[in-house]
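All remarks here apply to the structure that follows.
Values in this text are rule-based calculations from the coordinates and carry no lab data. Model, not experiment: these values are computed from the prediction. In this analysis, Cβ positions are derived from the backbone assuming ideal geometry, glycine residues included, and neighbour counts consider all displayed protein chains.
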């Protein structure tokens, strides 16, 4: 499970890494940024990063 940093600056860096990996289509980097889960694509994105389902 991905640990969300308490520090806002670190949280921003994590968000940017995830965002850039999504935009680039770099799934290996995205998986690493999301905590290394092998099934990251089946898991909910961290609520703290604002990556949840847009209609929820």
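Here are some notes:
- Multiplying the residue separation of residue 37 and residue 49 by 0.36 nm and subtracting their alpha-carbon distance yields 2.6 nm.
- Estimated 222 nm signal from helices in the chain, with DSSP H stretches of n ≥ 4 weighted -39500 (n - 2.57), rounded to 500: -13500 deg cm²/dmol
- FRET efficiency for residue 7 and residue 27, using Cβ-Cβ distance with R0 set to 30 Å, rounded to 0.05: 0.65
- According to the Cα-based calculation, Rg over Rh for the chain is 0.93, with Rh computed by the Kirkwood formula.
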